[in-house]
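Each value in this text was obtained by applying a stated rule to the coordinates, not by laboratory testing. A quick note: this is a predicted structure, and the numbers were derived from the prediction, not measured. Note that each Cβ is placed from the backbone with ideal geometry, even for glycine, and that neighbours are counted across all protein chains shown.
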Amino acid sequence: MSEQAHMARGRWSSRMAFILAATGSAVGLGNIWKFPYIAGENGGGAFVLVYLICIALIGIPIMMSEVMIGRRGRLSPINTMALLAKSEGANPRWKWLGVMGVVAGFLILSYYSVIAGWALYYVLEAGSGVFTQASPEKIKSVFDGMVGSPATLLFWHTVFMAMTMFVVARGVSQGLEKAVTTLMPGLFVILLGLLVYSFFEADFSRGVEFLFAADFSKLSGEAILTAMGHAFFTLSLGMGAIMIYGSYLPDDVSIAKTAVIVSVLDTAVALVAGLVIFPIVFANGLEAGAGPGLVFQTLPIAFGQMPGGVIIATLFFIMLVFAAWTSAISLIEPAVAWYGEKFGSSRTKAAVVTGFVTWLIGVGSALSFNVWGDPLLFGKNFFDLLDFLTANIMLPLGGLFIAIFAAWVMHRRTAREALEMRDGALFHLWHFLVRYVTPVAVLLIFLQAIGVIG
Ligand code: PHE
């Protein structure tokens, strides 16, 4: 590729920019909204331990594989898979792995944007002091009033999609890189500020106990699948987001190191978010297992009681918006890049078209909380189905095939060169994990979840 083609396609300006972008993708609603509530629903400690094991043994090796494949192909996931399949002498149908990723991106972003819309709405509610001294009933009615109103949900879903497509339309360096380099430091500062508050003012030790004391009797088969699915979801793996970010990575950056840094940062943010939320929840005599409403219904009760609660609550929801925003751009980037390659159109046009498709699917999720709340299949409504299908099935399946491609289809030498690793112990460890451990673990967890094995 010529220098000019590089410029047209976009490239991160530094290793730091990539780390912030990949961490921005990884750190999202998954860390601050979802992780605490699924840990709460699944009993805490034991679930957290399974999740951490999945991050280390499955997440990090797959993240390395995705970045490696992305950088080697330097195209959208669909065309990267087609290109590498060809150069490795493999079946051209591997490109469908890229297609599944792009589809997963649409589906995830469609409901993700609805929840991010809740966070936007709550920035205004919190900022105007609605929660101050409010009773739990009052706070519940704010939440119920929001999710019960299709117009409110659709309005904020639309605002969030517009914010996302605005960044994406501006391209890799002017859009994505600028957004992550301003938003991510802001997010870290707010999170640490909140941690200090929780440490000194809330029931910190009970929060620690809840997250880290493992009681395996509470661990069901479905909980293990949820933990694995969440490891993929939280690291943005299995759908090409990290692959496309890898395709903008300069040649001389170490993939192994950056993958470890990003995974550790992502895990740290999830744990710190838990250490912010649970101590506040317990200090106010509230329940940890409140489900999706945990940060929107339970936490505001606590914010309403505490000194300086208006500021703390507003900062909390701003942080949630930042986190969601930098993830959303990575969910749609594979589709936008592919659209540009396919039709040669501008990024603006690609962003408008893909954004509109996502917005449309999102309408179904927005309505799942009110007029369309009845179960469609397996007792789940549209929103729950999309969440289950993407996080628990499509991402692990995508990850499984990425592992197979990186360690069975790609020649060992090509993979090593693409990772720029020496033929030493670390490379062997990676290869072993991706070749055997990841596929077997994903398969076993699938089988166990559908009840084939005990
Ligand atoms: N990792 C993001 C989160 O935790 C969600 C995401 C999934 C983003 C897949 C990109 C790809 O919220």
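If you add up the charges near Arg422, with Lys and Arg at +1 and Asp and Glu at -1, over every other residue whose beta carbon is less than 14 angstrom from its beta carbon, what do you get? All intermediate terms of the calculation are to be shown ahead of the outcome.
On the way: positive: Lys257, Arg412, Arg413, Arg416; negative: Glu417, Glu420, Asp423.
Every neighbour counted, the sum reads +1.
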Exercise. Fully extended, how many nm does the chain gain between Ala425 and Leu360 (0.36 nm per residue separation, minus their Cα-Cα distance)?
Worked result: 18.6 nm
Exercise. With θ set to phi - 60° and the Karplus curve 6.51 cos²θ - 1.76 cosθ + 1.60, what are the ³J(HN,Hα) couplings of region 44-60 in order, to the nearest whole Hz, using x for Gly and Pro?
Worked result: x, x, 4, 4, 4, 5, 4, 4, 5, 4, 4, 4, 6, 8, 10, x, 5
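Please identify every one of the chymotrypsin sites (Phe, Trp or Tyr not before Pro) in region 348-454 that sits in a loop by DSSP and has no more than 15 other beta carbons within 10 Å of its own beta carbon. Before the final figure, lay out the partial values.
On the way: sites: Phe356, Trp359, Phe369, Trp372, Phe378, Phe382, Phe383, Phe388, Phe401, Phe405, Trp408, Phe427, Trp430, Phe432, Tyr436, Phe446; in loops: Phe369, Trp372, Phe378.
Counting only loop positions with at most 15 other Cβ atoms within 10 Å, the chymotrypsin sites (Phe, Trp or Tyr not before Pro) in region 348-454 are Phe378.
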Problem set entry | J(HN,Hα) series, region 398-413, from Karplus relation 6.51 cos²θ - 1.76 cosθ + 1.60, nearest Hz, glycine and proline x | x, x, 4, 6, 5, 4, 4, 5, 5, 10, 10, 8, 5, 5, 3, 5
For this session: For Val437 and Val260, compute 0.36 nm times the residue count separating them, minus their Cα-Cα distance, and round to one decimal in nm.
Result: 61.9 nm
For this session: Output the direction-averaged projected area (hull surface divided by four) of the convex hull of the alpha-carbon atoms of region 250-341, in nm².
Result: 8.7 nm²
Seminar exercise, completed: FRET efficiency for Arg412 and Glu209 from the Cβ-Cβ distance with R0 = 56 Å, rounded to 0.05, comes out at 0.80
Problem set entry | Value at 222 nm in deg cm²/dmol, rounded to 500, when DSSP H runs of n ≥ 4 in the chain each add -39,500 (n - 2.57) | -22500 deg cm²/dmol
Problem set entry | Neighbourhood net charge (13 Å Cβ-Cβ; Lys/Arg +1, Asp/Glu -1) for Val67 | +2
For this session: Please work out, to two decimal places, the log10 of the ratio I(q)/I(0) at q = 0.13, 0.22 Å⁻¹ from a Debye calculation in which every Cα of region 324-428 carries one identical scatterer.
Result: -0.77, -1.15
Problem set entry | Scattering profile of region 15-171 at q = 0.17, 0.18 Å⁻¹ [log10 I(q)/I(0), Debye over alpha-carbon scatterers] | -1.24, -1.30
Problem set entry | 20 Å-binned pair-distance histogram of the chain (Cα, whole percent) | 26, 59, 15, 0
Exercise. Each residue of region 157-167 in turn: what ³J(HN,Hα) in whole Hz from Karplus with 6.51, -1.76, 1.60 and θ = phi - 60°, glycine and Pro shown as x?
Worked result: 4, 5, 4, 5, 4, 5, 4, 5, 6, 4, 5
